[in-house]
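The values are calculated or read from the model by the stated rules, or taken from the named source; none is laboratory data. In this text, all values refer to a predicted model and were calculated from it rather than measured experimentally. A quick note on method: Cβ atoms are made from the backbone with ideal geometry, for glycine too, and the neighbour counts reach across all protein chains shown. Side chains are part of the model used for accessible areas, which takes the heavy atoms of the whole protein and leaves out ligands, DNA and RNA. Shrake-Rupley method; radii C 1.70, N 1.55, O 1.52, S 1.80 Å.
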Amino acid sequence: MGATGTAERRALLADRAFLRLWAGTTASGLATWAMPFVLGLAVVDGSLGATALGVALAARTVGFLVVLPVAGVLADRHAPRVVVLLASGVAAAGSFALAAALGRSVVATTAAALLVGAGQGACRPAFQALVPATVAEPDRQAANAAITVAVRASVLLGPAVAGLGAAVAGAAWLVTATGVLWVVAAVAPARTARVGAVGGAAGRRPGFRAEFVEGLREARRHPWFLGGLGALATVIMTGYSVTAVALPLVSADVTGSGVLLAAGATSYTAGALLGGLLLARWRPPSTGWVALGGLGIYAAAPLALALDPRLPVVVAAYVVVGFGIELFNVPWFTALQREVAPERLSRVSSLDFLVSYGLAPLGLALVAPAVDLVGMRAVLLGCAVACVLGPALAALVPGSRHLAATTPTGRAAARG
């Protein structure tokens, strides 16, 4: 196992096409993470108001979600490389416009954030389709792990670098830097794919609606995908909402500051980095059950906050939670790239992001009223139960054990 993992890493490091894809995906991931953090720094330095921050982040989310179905169809209809180029260009333009608008116009700031979100949303399914178009199937788990390790390592170091940059140059220059990252994301991936033609078939194509419906049909052919997506949406609605809303409240209540919040975010990223490093070389048996188990580990976060919210306990919980998330993410993306027909992969990936991220605002909106209604402890324990129950039910779905069709015949049918 170890020798195989080492050989895969060496092969990937010698593959210029993958290295270019890795650089582009890493730049995209870092720019996506950086925007809300940098805008938070803009509030600190007074160049952006708190209300404007909320409106800008909401606009980014709207842009992200609205464009996903369109982006999935376009990336399957045309070369994903073209969609990455155009979408990253939109995100770069939005970032530069956002830097210019900070402190000057709420309307311009909101419009620019909407553009950034649209570019981000269009990139996600296209980058997913570029992995199987660039990397051979035996190397894809290592490739996905290498991408997530780079992004997590960047995020781990990002706050310190961004804080220093804000002190020296100001938030507007940091927003400009995210635009430069989007330029890198646009130009880095290679123009030629090594395996599997992912572009659209020649001749007359069906309409947009028909192609979108075809993507839905492809998703329905994979029960493990539907079950896993339901589990992921459940964890994001409950566990992620706890981190976004309840963790700051508990941090303020227990420490009188943001110490728990900062420690949780850092510990989560460190755990995810460890998980990515492990998945670069480990091929677990019953991959799907291990992945769903990792997703269910998110229950450790609300449990720690409910039962013993001391700093060491919260840090340990979020390290475990981050580790578990990558136990899910890397095999999940690898399975999609293996099991879904290449010419439909972007549409299925867009559905993945649309459902999982689209339901997140609902959870965020409900946590605070639920706390007022039944109390923080009850909400945290309820979220912990949901984080366990969702993946456990998904593990009962046919094909979930290996994130694959249950029979060779079924797999051939799924590939169309």
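Among the residues making up segment 55-89, those that are of a type in the set (Val, Ile, Thr), crowded, with 22+ Cβ neighbours inside 10 Å and closer than 18 Å to residue 27 by Cα are 83, 84.
A Cβ distance below 8 Å, combined with a sequence gap of six or more or placement on separate chains, defines the contacts here; from segment 349-375, residues that are within 17 Å of residue 124 (Cα to Cα) reach residues that are assigned to a helix (DSSP H, G or I) and among the basic types (Lys, Arg) in the pairs 349/124; 350/124; 353/124.
Testing residue 319 on (1) under 22 Å from the mean Cα position of the chain (by Cα); (2) at pLDDT below 95, one condition comes back false. Which one is that? Just one mismatch for residue 319, condition (2). Is it true that residue 316 is free of Cβ contacts under 8 Å to residues at least 24 places away in the same chain, small (Gly, Ala, Ser) and surrounded by fewer than 17 Cβ atoms within 10 Å (Cβ to Cβ)? No; evaluated as a whole, the condition is false for this residue.
Residue pairs whose Cβ atoms lie under 6 Å apart, separated by 6 or more positions or on different chains, with the first residue in segment 21-42 and modelled with pLDDT of 80 or more and the second among the aromatic types (Phe, Trp, Tyr) and open to solvent by less than 30 Å² (accessible area, probe 1.4 Å), are 25/127; 31/182. Of all the listed residues (270, 300), the sole one being more than 17 Å from the chain's Cα centre (by Cα) and part of a helix (DSSP H, G or I) is 300. Please enumerate the residues belonging to segment 343-367 that are closer than 19 Å to residue 132 by Cβ and either among the acidic types (Asp, Glu) or modelled with pLDDT under 85 (or both). 343, 352 - these are the residues of segment 343-367 that are closer than 19 Å to residue 132 by Cβ and either among the acidic types (Asp, Glu) or modelled with pLDDT under 85 (or both).
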